[in-house]
Amino acid sequence: MKESPKKNKIVTGLIVSATLVLAAVAVFTALRLYNLRKESVSLKAPESEPLAWDCSSYTFKVEQTGTVTVENKSSRNETPQQAKVYINNNLVATLSVPSLASGASATIGTVSIPDGSFSWRVVGTVDCQNSGSYTVTPTTIPTGTPTTIPTETPTTIPTGTPTTIPTEPPTEPNITPCQILEFNLANETATLTPTITSTVTPTSSPSVTPTTPAGQTPTPTRSIPEAPVCTDAVPPAPSITSAVSIGGNSVKVTWIKVTPATSYTILYGTKKSTYPYSVFDTGNTDNYTINGISNGCFVIKAVNGCMPGPQSPEVCSGGGVSAGSGALPSAGVSTYTVSFVAISFIAIIFAFLLAL
């Protein structure tokens, strides 16, 4: 049965109309892509700064008594983390840091401190660190003026036997000289020389006791230890192998580990060669995920104990160009677009041939 000419014309018209629509879409796409060749394309800059912590307003402190505190002076609330406490470059405790509202502070624990001077450092496991030291100054103990107590002068008390003085001989005229001589011999006695014995009692002089001025308490003298010196070897610079955006607001940074190294520090920002944010202690690992940023530029340093090393070359996420840093290569026209336009024109020609 032969089809009617009217039906054939309707089918032909539908084919021609569909082909014209497809051709129009293809031409519009080709023109748009051609115009894009003349425009530079760059990564979309974030509408606000990444939600990294402001370490100038979020601070740790170790008191001289060993009390560890944290204070949030920033304009936003901060999430919880862990804090590693070092005394004289030795790790003595890992404390839990609660989430802090803007303007709040908290005591997160107490650590043992040595006698005398010491240095301290608190490192947040997510962000921020602070350090300081205390020096004990010895107090001079005043000496007293000794008081001299004079000794007594002994008094000599002579002892002795009195000399017997003979009586006078008789002087009567009828006594002869011989009788006087006999009398003198009979009454003559030896003259005794007194013996003086002096007894001296020694007086002990008390020892001098230093006198402390009123209102002052003697302070024991403390020796001042020398300042701590880091003798750990300097680690070499590591190499970042990738910085890839994962999810909508995180970047995973991967690097090659070096020896010797105990941890790594990441410095980063949203512009080339500008690093206002940091992660001070990633641990001894080869990757770390930073939250609060979708694209950026990163450098990394290895740390061996207390000795940091040089930083690595800069690597940026999002094709190696930081947000807003300049134009990327031109878009060009894909093979798929050229093929689509060619097929559309062939379809138009075929439709016209059917209509004849």
Kindly indicate whether any position in the range 314-333 is surrounded by 14 or more Cβ atoms within 10 Å (Cβ to Cβ), within 30 Å of residue 231 (Cα to Cα) and modelled with pLDDT of 75 or more.
yes
Could you tell me whether residue 111 is within 18 Å of residue 63 (Cβ to Cβ), surrounded by fewer than 19 Cβ atoms within 10 Å (Cβ to Cβ) and touching a Ser or Thr at 6+ places or on another chain (Cβ under 7 Å)?
no
In the range 13-27, what residues are of a type outside the set (A, V, I, L, M) and either surrounded by 14 or more Cβ atoms within 10 Å (Cβ to Cβ) or closer than 12 Å to residue 340 by Cα (or both)?
19
So which of 248, 305, 269 ends up being within 17 Å of residue 123 (Cα to Cα) and either modelled with pLDDT under 95 or exposed (fewer than 15 other Cβ atoms within 10 Å of the Cβ) (or both)?
305
Please enumerate the residues belonging to the range 283-293 that are buried (at least 20 other Cβ atoms within 10 Å of the Cβ) and either at pLDDT 95 or above or part of a loop (DSSP other than H, G, I, E, B) (or both).
293
Output yes when any residue across the range 70-80 is modelled with pLDDT of 85 or more and at positive phi, and no when none is.
no
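The values are calculated or read from the model by the stated rules, or taken from the named source; none is laboratory data. Keep in mind the model is a prediction, meaning the values are calculated, not measured. So basically every Cβ, Gly included, is an ideal-geometry build from the backbone, and we count neighbours across all protein chains shown.
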